[in-house]
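What follows is a short report on a single structure.
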Amino acid sequence: MAVPFVHLHNHTEYSLLDGAARIPDLIGAAVESGFDALAITDHGVMYGVIPFYKEAVKRGIKPIIGVEAYITKGSRFDRRPAKEDPNHHLLLLAENEQGYRNMMKLVTMSYMDGYYYKPRIDKELLREHHGGIIAMSACLKGEISAFLLKDAYEEAADSAREYSSIFGDNHFYLELMDHGIPEQDKANRGLIELSRELGIGMAVSNDLHYVGKEDHLHHDVLLCIQTNSTVDQEDRLRFSSDQFYLKNYEEMKILFPEIPEALDNTVDIASRCNVEIEFGRYLLPRYQVPSGYDLDGYLEKLAWDGLGRLHETVTPELEERLRFELSVIKDMTFSGYFLIVWDFIKYAKEEGIVVGPGRGSAAGSLVAYCLGITTSIR
């Protein structure tokens, strides 16, 4: 029987030099502890999602896809010192496919538009791409907790209202943690008060950075590598607790005995997060062809036009080869792929961007040559 709690805040080895939980070990420990669901929420990235998803499904664990995003109070386009525009953490979980797509968009834009020491998003992006996402207020570096630690209760309440407004009813939760850190006691008291005043739900997490308690030493070495420090330095970055591991249900239950609903909410959130990733099928952008053509027809036109330009004498052998290749491409539904590659290679050449003659299994094809994707080497 599954335990009535789900770990929703977990950093794997894909939180580089900060997460020390290897995915197979983490999921194996979750199975042994009786959990039937588990989230991945790496710092600002999602490139661990696929290996996590595959391993979780293989081991009978429901995978919950998430990310711990860096959010700036100002604009993601601003480039100001951290003291003026600090980054805060915000936990995002994909409720459905729309949420998964929105999370990928947010992470992409955090690098393309917002990168400044960290990949950052802002609240403008959240408002545009919040659909299908359940959010949690994150750790002490979350915006709300940061206000509470400064005794700015009203500002914390305004922040909680804003996030609740962005994500909608039952899609934003105040996140409670207890690793034996004094600052967490202060933040938790404020979060509980905010929950009761504003009617915003609470959820317990353990901000996992390693699998077993004994792994905190390995994690500490990772932090030293990250900060170019040595373990015997007194003034270096370090976690002030050894409690950031995969605790079992009994360990989590004793942390907040007065608010059992905060544990129950983790199960509810997990039950609502249902993302299925399909493998074995090609997902390509839909290439827009001119009116009167479909993908196959437009590729054929470009290929035959190209053959006429490249060869003064079109032999029967060339015609037979081109028809054969086009039929194979059509049968494999790869016409759109060839058109996409043709389009960006054409653009590169028109803009004076150097491209190579082509390589790979398709580089020897007559279709690629006729489209100008590849060139002859003499």
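Every number in this text was worked out from the coordinates using simple rules, so none of it is lab data. As the structure is a computational prediction, the values presented were derived from the model and not from experiment. Reconstructed Cβ throughout: ideal geometry from the backbone, glycine too, with neighbour counts over all protein chains shown.
Some values worked out for this structure:
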{"read-out": "Exposure proxy order (Cβ contacts within 10 Å, fewest to most) of Met46, Met104, Met109", "value": "Met104, Met109, Met46"}
{"read-out": "Within the chain, percent of DSSP bridges classed antiparallel, to nearest 5", "value": "40"}
{"read-out": "Cα-centred dipole magnitude for the chain, charges only on beta-carbon of K, R (+1) and D, E (-1), debye, nearest 20", "value": "1100"}
{"read-out": "Distance between the range 327-349 and the range 181-242 - C-alpha centres, whole angstrom", "value": "49"}
{"read-out": "Neighbour-count order for Ser165, Ser195, fewest beta carbons within 10 angstrom listed first", "value": "Ser165, Ser195"}
{"read-out": "Using alpha carbons only: equivalent-ellipsoid semi-axes of the chain, gyration tensor based, whole Å", "value": "49, 22, 21"}
{"read-out": "Candidates Asp296, Asp42, Asp268, ranked by Gaussian network fluctuation over the chain, Cα under 10 Å, top entry", "value": "Asp296"}
{"read-out": "Distance between modelled label sites at Leu17 and Glu261, nm, 7 Å Cα→Cβ extension", "value": "4.3"}
{"read-out": "Set of lysines near Lys150 by C-alpha distance (under 17 Å), chain-local residues within fewer than 8 positions excluded", "value": "Lys73, Lys83, Lys141, Lys186"}
{"read-out": "Simple Cβ-charge dipole of the range 47-162, Lys/Arg +1 and Asp/Glu -1, about Cα centre, in debye nearest 20", "value": "560"}
{"read-out": "Point-charge dipole on Cβ atoms (K/R +1, D/E -1) for the range 289-378, about Cα centre, debye to 20", "value": "300"}
{"read-out": "Two-decimal log10 I(q)/I(0) for the range 163-313, as the Debye equation yields it once each C-alpha is a single scatterer, q = 0.10, 0.11 Å⁻¹", "value": "-0.62, -0.67"}
{"read-out": "Sequence-separation-based contact order of the range 23-272, relative, with Cα cut under 8 Å and 6+ spacing, percent", "value": "14"}
{"read-out": "Positive-end residue, the chain charge dipole about Cα centroid, Cβ charges, pick of Phe338, Ala156, Ala2", "value": "Phe338"}
{"read-out": "Mean separation of Cα contacts under 8 Å (6+ apart) over length of the range 295-370, as relative contact order %", "value": "48"}
{"read-out": "Residue order, fewest to most beta carbons within 10 Å, for Thr41, Thr374", "value": "Thr374, Thr41"}
